[in-house]
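One structure is given here, and the rest of the page talks about it.
The values are calculated or read from the model by the stated rules, or taken from the named source; none is laboratory data. Since we're looking at a predicted model, the values are computed, not measured. Methodologically, a virtual Cβ is constructed for each residue, glycine included, from the backbone with ideal geometry; neighbour enumeration extends over all protein chains shown. SASA here: full protein model, heavy atoms, side chains in, ligands and nucleic acids out. Shrake-Rupley method; radii C 1.70, N 1.55, O 1.52, S 1.80 Å.
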Amino acid sequence: GDLKFIASDADSITAVNEIPLEDYLVSVISSEMSDTAPLEFLKAHAVISRSWLMAMLEQKGKQALPVKPSRIEDGEIIRWYDRKEHELFDVCADDHCQRYQGIGLSQGGRAGEAVRATRGLFLIRDNEICDARYHKACGGLTEDFAAAWEDKEVPCLSSVADSAIKRPPIRTEREARNWILSRPDAYCNVADIQILQHVLPVFDRETENFFRWQVEYSRTELEEIIGEKTEIDVGILHDLVPLKRGASGRIFRLQIIGSKGSVIVGKELEIRRLLSRSHLLSSAFIVSIERDPFNVPARFILQGAGWGHGVGLCQIGAAVMADSGFKTMEILLHYFSGASLKQLY
C-alpha cells in the first residue's frame, strides 16, 4: 500500500496506509485466525469481514459519524464503541474495527486463497449488506446487537445457539446462573489443544479457559480497579448487581453498590473494562461474594462464559464447524439468521 500523512490537528499528524480492499482482507483474516484453520471457515471469515467493511463504509457515507456514544450522568456510565472518530480514515486497529496487523503479515497461504475464492461475495439480508460482526467464542449462545451497541434490532445480528440444538435465550438471573455454571454442548465448547492450535493465532493460544472461566478479587483490589477506571470512590464495595442481560447472558447494565453510593455501568465492553486491570473475557458472568465475620465482603468471585461481545459469528465455533465438515454457506446461515450470499463485483 501507499503511506501518506495527514494533519490531524495543529499539533499532530496521522499516518494512513492506502491499500486495496482485498489485500486488506487477507491481512485481517491472517491477523484474526491461524493460516492453518480450515479453508471453509477462512472463506466464511472473508465474506463477513468484507461485508462488515462495506456496511460500515456505506453507513459512514450516509451520515456524519457521531461522537463516541456515552452518558455519564445521574449515577450512570453508559458507553459503547463503534467506528470511533473515523473522519480521516476508514478503518483502524481499535476495539470497534477488525484486527489488522499490517499488509506484510500474510499475502499467501490459506488466507489469500480464501479471499480470492470469495472475491466480491457479500452477506445480504433484506437487500442490504449485513453489518457482520464476530467474536472469539460465544459460550454457547450468541448475543443480540443491542447488548453491545445501539438500542436497536439488527435482524442478521440476533442471538442463536452455537449448536445444532435450538436453545432459548437467557431471560432471568436464575437462568443465567444455571447456564454459566453448566457446560452445554456447543461448537465452541472445545478443549482439544490440537484443534485450538490449528485455528488460533499464537497470541490467542495463551487464553486456555474461555468457554467457562473464573476470576477472583479481594474486595480492596476490586475497589481499587473500579476507582482507577471510573474515578469514582464508591467506598466499601458491597455488591455487583446485574440489571439487564442479553440473550446470551451477557450483562449490559450493571449496578456497582458501595458504602458511599452506587453507579450503573454499561454496555458490555465498558463492564468488562471496569472490572479488570485489562478487561474480562466477557460480561456473561455471575457474582459470588465471600464475607468476613462482620458480614463485610472480603472476596468477589466472577464465574463467566465466552470470550468477546458474542454478537454475530463465533470464530472458534465456526472453525470447529468447518473442521467437522460444514461448508462456508452452512456456517454463515447458522450464525446470520435469514441471510444469503450475493456477488456484487
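Any idea what the dipole of the chain comes to, in debye rounded to 20, about its Cα centre with Lys/Arg Cβ at +1 and Asp/Glu Cβ at -1? Could the numbers behind the result be given before it?
Working: 41 positive and 50 negative charges, 185 e Å.
Roughly 900 debye for the chain.
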Helix 219-230 axis, angle to the chain major axis (alpha carbon atoms, nearest 10°): 50 degrees
Given the rule -39500 (n - 2.57) for each run of at least 4 DSSP H residues, summed and divided by the residues of the chain, what is its mean residue ellipticity at 222 nm, to the nearest 500 deg cm²/dmol? -8500 deg cm²/dmol
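Starting from the Cα-Cα distance between ILE78 and ALA164, subtract it from 0.36 nm times their residue separation and give me the gain in nm to one decimal.
Here the segment from ILE78 to ALA164 would lengthen by 27.5 nm.
For segment 107-223, state the average projected area of the convex hull of the C-alpha atoms over all orientations, rounded to one decimal in nm².
Result: a mean projected hull area of 11.4 nm².
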P(r) of segment 258-325 over all Cα-Cα pairs, binned every 10 Å from zero, in whole percent: 17, 36, 28, 13, 6, 1
Compute the angle between helix 39-62 and the longest alpha-carbon principal axis of the chain, please, reported from 0 to 90 degrees and rounded to the nearest 10. 80 degrees
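Can you list which of the GluC sites (Glu not before Pro) found in segment 208-270 are DSSP loop residues with at most 14 other C-beta atoms within 10 Å?
Numbers: sites: GLU208, GLU216, GLU221, GLU223, GLU224, GLU228, GLU231, GLU268, GLU270; in loops: GLU208, GLU231.
The qualifying sites are GLU208, GLU231.
Of the cross-linked pairs LYS136/LYS244; LYS43/LYS229; LYS166/LYS342; LYS152/LYS260; LYS43/LYS166, which ones have a Cα-Cα span greater than 32 Å in the structure shown?
Working: LYS136/LYS244 23 Å; LYS43/LYS229 39 Å; LYS166/LYS342 27 Å; LYS152/LYS260 34 Å; LYS43/LYS166 25 Å.
Going by Cα-Cα distance, LYS43/LYS229; LYS152/LYS260 fall outside the 32 Å limit.
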Provide the per residue accessible area, probe 1.4 Å, for segment 172-266, rounded to a whole number of square angstrom. 51 Å²
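Treat the chain as a sphere of radius equal to its Kirkwood radius over Cα pairs and apply Stokes-Einstein at 10 °C in a medium of 1.306 mPa s; give the translational diffusion coefficient in µm²/s, rounded to a whole number.
On the way: Rh = 21.1 Å.
The Stokes-Einstein estimate is 75 µm²/s.
Scan segment 188-291 for trypsin sites (Lys or Arg not before Pro) in coil per DSSP, keeping those whose Cβ has at most 14 other Cβ atoms within 10 Å, and list them by number. Present the calculation step by step, with values, prior to reporting the outcome.
Values: sites: ARG205, ARG212, ARG219, LYS229, LYS244, ARG245, ARG250, ARG253, LYS260, LYS267, ARG272, ARG273, ARG277, ARG291; in loops: ARG205, ARG250, LYS260, LYS267, ARG277.
Loop-located and lightly packed - ARG205, LYS260, ARG277.
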Quick one: among VAL296, VAL241, VAL160, which has the greatest mean-square fluctuation in a GNM of the chain with alpha-carbon springs under 10 angstrom? VAL296
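Between GLU18 and GLU228, what length comes free when the chain is fully extended (0.36 nm per residue of separation minus the Cα-Cα distance, one decimal in nm)?
On the way: separation 210, 0.36 × 210 = 75.60 nm, distance 3.77 nm.
Here the segment from GLU18 to GLU228 would lengthen by 71.8 nm.
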For segment 156-263, what is the Kirkwood estimate of the hydrodynamic radius, computed as the reciprocal of the mean inverse distance between distinct Cα atoms, to one decimal in Å? 16.8 Å
For helix 21-32, what angle does its Cα long axis make with the longest principal axis of the chain, in degrees from 0 to 90 and rounded to 10? 40 degrees
Counting sequence-distant residues (5 or more places) and residues on other chains, those with an amide H built under 5 Å from that of ILE251 are GLY246, SER283, ALA284, PHE285
